[in-house]
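First comes the structure, then the notes that go with it.
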Ligand code: ATP
Ligand code: MG
């Protein structure tokens, strides 16, 4: 999967609508301390279905909504749009994918894939099948390198399974076991 574009509105420090184009290859984000570099990476994880407020450096899920500053009122919602191309099929063609996650104060999160309302689970499956997602080892945030070195064997196996693209199978097995 190739992420092409990211749009943020009311997400953490990105209070005004912002749009970023992500070119093929390695992408680096640079800027002074506190300018929002980590927030950007968190936006990608969040739209992919991240469900742990702690890993978004918050106490609750609504903490991703712009909280306001001395001169700016807080926002009522946060929205992140991720546009990507799926991995190429046998014939080399790719499909366009647009995933939207939106959270409103008091109303929780809602997801859309290509304009259709979907469940969080559908989003998780879409990314797990593409060997990516909120826990993808391709998203390297602060402290992650040290975490890989210190990880227990089972945790390291989970990282390898993500990278190998079989994490989606575990999600489906868990789902089947619950039925
Ligand atoms: P560093 O180089 O120190 O790692 P960084 O570029 O990664 O910095 P971030 O951690 O992404 O910076 O951004 C931190 C900023 O985002 C802080 O100024 C913080 O106040 C702001 N911020 C985070 N959540 C919110 C929120 N919900 N509302 C408003 N501002 C927020
Ligand atoms: Mg940071």
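Quick rundown of the values:
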{"item": "Gaussian network model of the chain, springs between alpha carbon atoms under 10 Å - residue of 125, 41, 26 with greatest fluctuation", "result": "26"}
{"item": "Rounded FRET efficiency, nearest 0.05, which uses the C-beta distance separating residue 20 from residue 141 and R0 of 22 Å", "result": "0.85"}
{"item": "Alpha carbon centroid spacing (whole Å) that separates region 58-89 from region 114-179", "result": "21 Å"}
{"item": "Average Cα contact separation per residue, region 1-105, under 8 Å, 6 or more apart, as relative contact order %", "result": "33 percent"}
{"item": "Cα convex hull volume per residue for region 1-64 (Å³)", "result": "95 Å³"}
{"item": "Kirkwood-type radius of the chain, with distances r between different C-alpha atoms, in Å", "result": "17.4 Å"}
{"item": "Rg and Dmax of region 31-78, Cα atoms only, in Å", "result": "11.5, 31"}
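Read the figures in this text as sums done on the coordinates, not as results from a lab. Please read these numbers as outputs of a predicted model, since none were measured by experiment. Note: ideal-geometry Cβ built from the backbone for every residue, glycine included; neighbour counts use all protein chains shown.
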